[in-house]
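Let me begin by presenting the structure, written as C-alpha cells, before commenting on it.
The values are calculated or read from the model by the stated rules, or taken from the named source; none is laboratory data. Because the structure is a prediction, the values reported are computed rather than measured. Cβ: placed from backbone, ideal geometry, glycine included. Neighbour counts: every protein chain shown. To get the accessible areas, we keep the full protein, side chains included, count just its heavy atoms, and leave off ligands, DNA and RNA. Shrake-Rupley method; radii C 1.70, N 1.55, O 1.52, S 1.80 Å.
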Amino acid sequence: MSAGHDDRTDVSGQAWQAALEWLFARQRFGVHPGLGRVQALLARLGDPQASFRTVLVGGTNGKGSTAATLAATLRARGVRAGLFTSPHLTHFTERFVVDGQELPEEVVAAALARVRPEAEAVGASFFEIVTALGALLFAESGVQVAVMEVGLGGRLDATNALDPVLSVVTNVGLDHTEFLGSTPQAIAAEKAGILRDGRPAVVGVGGDVEAIFAATGADLWRLDDHLLGIRLLGWEGAQVTLRGPDGPVTLHTPLLGAHGARNAALAALAALRLDLPAQAVARGVAAAQWPGRLEVLPWRGGRLLLDGAHNPDGAQALAAALRDLGVGRLPLVFGAAGDKDIGAVASALRDSVSEVILTRAVLSPRAAEPASLAGLFAGVPVTVTDSPAAALAALADRAAPLALVCGSLYLLGEVRPLLLGEAAGHRERWQ
C-alpha cells in the first residue's frame, strides 16, 4: 500500500484540505443505519456502482485482511480490482485502492467535489458519503470488480446499497452491540443481510448462527466444509489447503496466526467462487498484505508487532497467535476506544505481556483515558503516557527485542507514521 498524503498541501492544496475538513466534520453527526440516503445519493450520481461487479465482505473481525487478499487474487488474474476498506489507518486515500495502489489525492478530491452537493441535498452521513465516493471513484477508474468491506453490521450498512454478485462473512462476535444487538444470533442476522437469495456466498461462521445464514436462501459455501488443513509456518505465515472445484488447492499466505490463515482461506474460497483459476488464487494469496494486522516493523534494532485487536474475539485471536509464534511475555503498548469492552480485551492479553505502557490515540475523542485502564492489568507493571510518541519513548528505554502495539486502529494509525518516518494526520477520528 502506497503512502497517502491527505494531510499535506503539496499536491492538492487548499481545496483538498477544505474538502476533507467538510467531510471529517460530518463524523460528529454519528452513525445512522439505513439505506435510503445512500441509495438516493448513488442515484443522484448516476448509479456508478452499476458499471462494475461488487463483492461485499462483512464480519466482526478479519474482513479487512480477507478483502485485501481477495483483491490480490483478482489482480493476479489480471482483473482490474477496486478495494474499499475502513477505517483508514493514517491517510484517507487508503480507503480507495485500484490495482493495488491508492488513488491520488487530486483524483479523490475531484470526485469528492462532485459528491458534496448531492450528499448535502440528501443529508448523507460520513460513511454514506465515503461509500458513494468509493463507488464513483471505482467507476471512473474502470474497475471491473470492487471488493467492498462492510463498515458496520451489514443489513443496514451503506455498502449494502450495492448489489453483490458474491457475499463473504468472516465470523460473528460481540462488537458494536449498541447498534447490532447483544447476542450472537442478533448480530448474525444483521451480518446475514449482505447475502442475496440464490446468489453465491462464502462464510466462515458455524455453530449456533449457521442456520441464520442458510435461511437467506443464498448459495452458501461454508469454509469448514472446504478447508482441508492449515499448517502454521511461524513468522512465515501458513500453508492452507482447500477443496476446490477441480481438486485440492494448496496456498501460502504471509498472514500470521491461525486466524490470519482462515481469513486467507476464506478469501481464496471466495476467489474460486468467482471462477478464478487456482494458479491466480495462489499467486494472489501469497502476495497479499494488510498493514496494522499482526504487522511486523523494524524499530531500534528490534521489532514491533502491530495489531488492531480492539474487541474480545480479536484479542483472543492475537493471544493465540503469540502462543503459536512461540512468543513469551513481551511489553505491550495499549490504547483503546472507551466504548469497547476493554476489560475483556485486557483479560485476553494479560497472560501474554510482561508490562503495559498505556496511551491513547490523541486524534480520537473516543479514546479511553490511559490512567483509567491501569486497573485492567492487575499484577502487571503499568506505565501511563499521554501520547503514542511518549509511549514509544518509554518503550525505547526497555530495549526489548520484540514488543506489541495493539488496541484501537486509530492508535496504530498514529504509531505507524512515527515508526516509518511518514507524515501523520491531524484531524479528529470518529469513524
Residue check, residue 85 open to solvent by less than 30 Å² (accessible area, probe 1.4 Å), more than 20 Å from residue 285 (Cβ to Cβ), in contact with a strand residue (DSSP E or B) (Cβ under 7 Å, 6 or more places away or on another chain) and not acidic (Asp, Glu) = no
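Results for (1) of a type in the set (Lys, Arg); (2) crowded, with 19+ Cβ neighbours inside 10 Å; (3) at pLDDT below 95, shown as yes or no for each residue.
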{"position": "231", "(1), (2), (3)": "yes, no, no"}
{"position": "241", "(1), (2), (3)": "no, no, no"}
{"position": "245", "(1), (2), (3)": "no, no, yes"}
{"position": "253", "(1), (2), (3)": "no, yes, no"}
{"position": "263", "(1), (2), (3)": "no, yes, no"}
Can you find a residue in the range 81-95 that is assigned to a helix (DSSP H, G or I), within 20 Å of the chain's Cα centre (by Cα) and among the small types (Gly, Ala, Ser)?
-> no
Counting only residues that are at pLDDT 95 or above, give me the helices (runs of 4 or more DSSP H) lying completely in the range 101-183 with at least 3 of them.
-> 105-122, 126-140
Selection status of residue 297, under 23 Å from residue 379 (Cα atoms) and within 22 Å of the chain's Cα centre (by Cα) = no
Residue 341 of a type in the set (Asp, Glu) and open to solvent by 40 Å² or more (accessible area, probe 1.4 Å) | yes
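For every residue, the table says whether it meets (1) surrounded by fewer than 18 Cβ atoms within 10 Å (Cβ to Cβ); (2) closer than 18 Å to residue 316 by Cα.
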residue	(1), (2)
353	no, yes
357	no, no
361	no, no
364	no, no
377	no, yes
390	yes, no
401	yes, no
405	no, yes
Can you tell me how many residues in the range 321-343 are under 16 Å from residue 238 (Cβ atoms) and under 19 Å from the mean Cα position of the chain (by Cα)?
-> 1
Failed condition for residue 386, given (1) among the charged types (D, E, K, R); (2) under 22 Å from residue 431 (Cα atoms); (3) in contact with a Gly (Cβ under 8 Å, 6 or more places away or on another chain); (4) at pLDDT 95 or above, with all others met?
-> (3)
